[in-house]
Every structure is written in C-alpha cells, then in structure tokens.
Amino acid sequence: MIPPPKIRPIFALAVASLLIVPGAARAQTASSDFNDDGKVDFNDFFLFAGAFGSSGAKFDLSGNGKVDFDDFFLFAQRFGAPPDAPAPDTFRELQTRVFNRNCLSGSCHTSERRAGDLVLEEGFAYENLIGVKPGNPAAAAADLLRVDPGHPERSFLLTKLTGPGPGQGDLMPRGASGLRGVEIDALRAWVQAGAPRVGLVPDAPRLEDLSTDLAVRFTPPAPPERGIQLRLGPFGVPPGREREVFSVVRPTLDRDLLVNRVEIIMPEGSHHFILYLWTGRTPPPEPGIRDFDPRSPMGIVDIFNRQFVTGSQTSATAYAFPDGVGLRIPRSAVFDLNSHFINLRGRETLMGEVYVNLHEAPPAAALQAVEPLFDSNFAINVPPGQTTAISQTWTARQAIKVITLSSHMHRHGERFTVETLRDGKQIYESTDWDDPEVLNFNPPLTLQAGDGLRYTCTHRNQDRDAPLRFGFTSEDEMCIMFGYYYR
C-alpha cells in the first residue's frame, strides 16, 4: 500500500464517509483509478488527498479547474466500484441522451447554427441554460429563464418541450411526438433539484437504457377520411451526412380531387419537404427512393419536369385553404416526393420519413382551383466576408388573386422581402430562414395583368473562404418565393 500522506483534519470525516457509501450508489470512471491498479480504493484516496486544493487535472473530476469538495463527492460515489463503470450523473445523461440526440441532429442548437441563440453542445449547454433569459420576447416578458434552478414552472426549456403558449414559438423538438415522457420527467426532476452540474438526482429517471430508435417516437398520422395519404421512406441518413431523395408515388384515383387542407408530418432532422406533380414529357422514374446528386446534369434537368404542389420546412405542418378555394389534383396525377434530411451533428443513423395528407373538400363544396406560385433567383454570388442583397421580379400574365406567400433560403439567408411592383409597397418580410413566415391574404391580394412582385434575398457569407452561390446542399444558398393564387 502507498504510504498515506499527512491528511488534513477535515479528511477524517471524509474517510469515514467512504466506508459507508451505499453500494447501489457506487459507480466509477477510469479517471478515479489514479494509480491504474484496476480498482478505486484507499490508495487512490491518499493520492487524491495529497492533491486536494491544487489544480491537478488528473484529480479534477468535476472539470471546474481545481481539486475541491465537488471532486471529493464524486470520488466518494465511485469508491469501491470497478473503474470501467460510468459515474451516475444526471446532467451528463441529459446531455448525451436528450440534448445530443434531439437538439443537434438537425444542426439546430449547434455552435454554427445557434437556433434561438442557444447552443446545446457538450461544454456549452449548461452555461447557455442556467439563469439565462430566453431570446423569445413573450417568454422574457413572462419573466421566464431558460432554466430557473428549483423552479420548473419558470423554466422556458420545459415550456418549449411540453406546450409553449401564444407567441412562445413551436413545440420542441420539432417532430410529430416530441420527447418521450421519461425524458421530460428527467429534465423536470433535474430542474426541481436545483439543476446541479454534477452528481445524481435521485428522483430523476435514469436514461442510460433508453432506446434511441427515432421510429419509436415518430407517430405517423391517420389517413384523411376523405382524400389520400402519400408516404416517402423511411430512409437512413448516416452520422455526419445529409441526404436528399426523391420518390415517385402513383395514387389510384377515380376522379379529380379538390383539396382544401394539407398536412405534412415528418421526424426531426428535416431540412425541407416538397410535393411535386410530374409534368415532364418523359415518363416518370419508377417508384422507390432516388438519391439526388446536385452534380448530375440529369438531376438538374429533372427539376423542370416537375410542378410545385406544396411543401414544408417544419416537422409538423397543417395548412387550410381559405373558404371557396382549393387545390385541384388531376385523376391522372403522378407525384414526385422530395425530402432533404440533415444529420451532420448526429452520432447515429437518422431515419427520414414523410407523410402527406391531402384532405378532399366535401362533395357539395364549389371551390375555385388555386395554382402554385413558385419562382427562384439563381443569381446568388456572395464573396467571402460580405453581405449581398439580390432581387428578382415575378409578373402576372393575367389578373389573379394571391392568397398565400412564403419564402425559402438556407442558413446564410438573413432577410427575405416582397414588394408590389405597382407602388413599391412591402407586403412580406421574413428574417427566419428556418421557419419563414407564411402570409395569408384576406382579402386576397389582387394583381392585374402586367402587375408583379419583386422579391429580395439578403445573404451573409461570414464563415466561408469561397463565394456563396446557388446550390442544393445545406451549405449552398437559395432564394425562392412561393405561394398560391387563383384567377
């Protein structure tokens, strides 16, 4: 045995505490086996006692830059356990089992994207949560904090996970079912216990054996009572990758459909989904998952064989057309479903899947058929370190009534505006590229033949050494205006 060093009086009580640590609470990491003899015992304790009060990294189990009682209490939990068993630590379980797997897989709360100015990566999450005012104005006005230790009811993190109120944004994480109940219970118990950075919260459910299969949490929607349901996938997206796919679907229809409501449901991790009608003169591809290669000339050509029908950038979208109008789906329709999932920060395969419900209007409804408005500006060229605004004009060929406008950009997009050509009046603005405004006009916006809309995209190239240009990956950019109108 290593000769014990001269131990301060306070450690007399500490030694006694090591002898009565309950076996069920003992767990261990290899870092506590300071002499590497395969066990954590008094030899390791004497080494630890000799380093107490120093800044020795080997003995700094809590990672706070000094060897103090935080480290001692961790050591006491680990005393007597085999060195390869993980120490029980509630926040570490929340980080690895909740934040890493639900908040980073779609690159949302990463240091690059900083959705809501919140980073939940390891090493950043705790400081970004504890005692920090949320960026959401409604939550800040309600005196909520992201995490208010000891007060789950005043912690905006839990509000976002269980049902945000008016003005507080969408339920998180974006998906059909959100977190599982046991994950939310663990977060709530941790906050109630004061949100400790280290150590085990006895009342918090353990998450170490929790299944990580995304399919368990994703609940497909029921098909519409009247109408059709379309499905794409599932398909796998490996860690560190993004994947864009297409899939042809040929529904069996005995009549044209007039659709008055659309639902799009998909798991977290989606960048976008678009439903197209195949309109090309060439036969459509066979059904099945088709990977899109932006470098392939044929992949680009196929874009002009499709007509936009509807789409979504969020995991749960429900859109109802105004009274008296609807989307006409021809009996002969062949759909091409397009989905793009991102798993750049994930540590396991992400399963992509999309369901689309097209709800048919009641038989007695006399609906005016709407048409899609879809226009893209390809002239994006932003030098490194610069911010550039580009504009393009869309002109109505005959008198129309616009009922909806929205936009699409990628992560370098800072602002999207639309103004009318006849008077230069701005009618649309969005500064959130990931969740852009969907503007419904009531009454409709009337445009005469020759009238038009000018849309402007502002992109900032702050983190690339090469020019930012139009492209299909999440690191390229887009500038698209879309919506619906009728004649």
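The values are calculated or read from the model by the stated rules, or taken from the named source; none is laboratory data. Note that this is a predicted model, so its numbers are computed, not measured. No Cβ is skipped: glycine too gets one built from the backbone with ideal geometry, and neighbour counts run over all protein chains shown.
Tell me, please, whether a residue that is under 29 Å from D203 (Cα atoms) and of a type in the set (A, V, I, L, M) can be found in the range 70-80.
yes
Condition first: under 16 Å from T96 (Cβ atoms), assigned to a helix (DSSP H, G or I) and not aromatic (F, W, Y). Now tell me which residues in the range 182-198 satisfy that.
Scanning the range 182-198 gives V182, E183, A186, L187.
Just wondering, is there one or more residues in the range 248-256 that are within 23 Å of the chain's Cα centre (by Cα) and not in a strand (DSSP E or B)?
no
Let me confirm something: among R101, R114, which residue is of a type in the set (K, R) and within 24 Å of Q462 (Cβ to Cβ)? I'd like the intermediate steps shown before the answer.
Values: R101 fails: within 24 Å of Q462 (Cβ to Cβ).
After applying the criteria, what remains is R114.
State yes or no: is Y486 surrounded by 13 or more Cβ atoms within 10 Å (Cβ to Cβ) and closer than 29 Å to H340 by Cα?
Criteria not met by Y486.
All but one of (1) in contact with a helix residue (DSSP H, G or I) (Cβ under 6 Å, 6 or more places away or on another chain); (2) at pLDDT below 90 hold for V216, so report the exception by its number.
(1)
Can you name every residue in the range 51-62 that is in contact with a helix residue (DSSP H, G or I) (Cβ under 9 Å, 6 or more places away or on another chain) and of a type outside the set (D, E)?
A51, F52, K58, F59, L61, S62
Take the residues of the range 416-437 that are of a type in the set (A, V, I, L, M) and surrounded by fewer than 18 Cβ atoms within 10 Å (Cβ to Cβ): which is nearest to the chain's Cα centre (by Cα)? Walk me through how you get there before you give the answer.
Taking the range 416-437 as the starting set, the residues that turn out to be of a type in the set (A, V, I, L, M) are 418, 421, 427.
Narrowing further to those that are surrounded by fewer than 18 Cβ atoms within 10 Å (Cβ to Cβ): 421, 427.
Details: L421: 36, I427: 29 Å.
Out of the qualifying residues, it is I427.
Only residues that are part of a strand (DSSP E or B) and either touching a Leu at 6+ places or on another chain (Cβ under 7 Å) or of a type in the set (S, T, Y) (or both): list them for the range 307-326, please.
Q307, V309, T310, G311, S312, T317, Y319, V325, G326
Go through the range 291-315 residue by residue and tally those that are more than 24 Å from the chain's Cα centre (by Cα) and either small (G, A, S) or at pLDDT below 85 (or both).
Selection size over the range 291-315: 11.
Provide a single number: the residues in the range 431-487 that are of a type in the set (G, A, S) and at pLDDT below 90.
The number of residues fulfilling the criteria is 2.
Pairs under 8 Å by beta carbon, first residue under 11 Å from V309 (Cα atoms) and in the same structural domain as S312 (by TED's automatic domain parsing) in the range 323-339, partner part of a strand (DSSP E or B) and among the basic types (K, R), six or more apart or different chains?
D336/R306
Listed here are the residues, each with its yes/no results for (1) touching a Gly at 6+ places or on another chain (Cβ under 8 Å); (2) of a type in the set (V, I, T); (3) part of a loop (DSSP other than H, G, I, E, B).
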{"site": "W433", "(1), (2), (3)": "yes, no, yes"}
{"site": "E437", "(1), (2), (3)": "no, no, yes"}
{"site": "N440", "(1), (2), (3)": "no, no, no"}
{"site": "P443", "(1), (2), (3)": "no, no, no"}
{"site": "T446", "(1), (2), (3)": "no, yes, no"}
{"site": "T458", "(1), (2), (3)": "yes, yes, no"}
{"site": "D463", "(1), (2), (3)": "no, no, yes"}
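Are there any pairs, at least 6 apart or on different chains, whose C-beta atoms fall under 7 Å, with the first in the range 57-71 and at pLDDT 80 or above and the second part of a loop (DSSP other than H, G, I, E, B) and among the aliphatic types (A, V, I, L, M), and if so, which?
Once the first residue is at pLDDT 80 or above and sits in the range 57-71, its partners that are part of a loop (DSSP other than H, G, I, E, B) and among the aliphatic types (A, V, I, L, M) give F59/V67; D60/V67; D70/V198; D71/L61.
Just checking: which of the strands (runs of 3 or more DSSP E) contained wholly in the range 347-427 hold 2 or more residues that are outside the structural domain of P443 (by TED's automatic domain parsing) and of a type outside the set (A, V, I, L, M)? Even if it seems obvious, please write down each step before you answer.
Numbers: elements: 350-360, 368-376, 387-395, 400-408, 413-420.
Hits in the range 347-427: 350-360.
Just give me the residues in the range 116-162 being touching a Ser or Thr at 6+ places or on another chain (Cβ under 8 Å) and part of a helix (DSSP H, G or I), in sequence order.
A139 - this is the single residue of the range 116-162 that is touching a Ser or Thr at 6+ places or on another chain (Cβ under 8 Å) and part of a helix (DSSP H, G or I).
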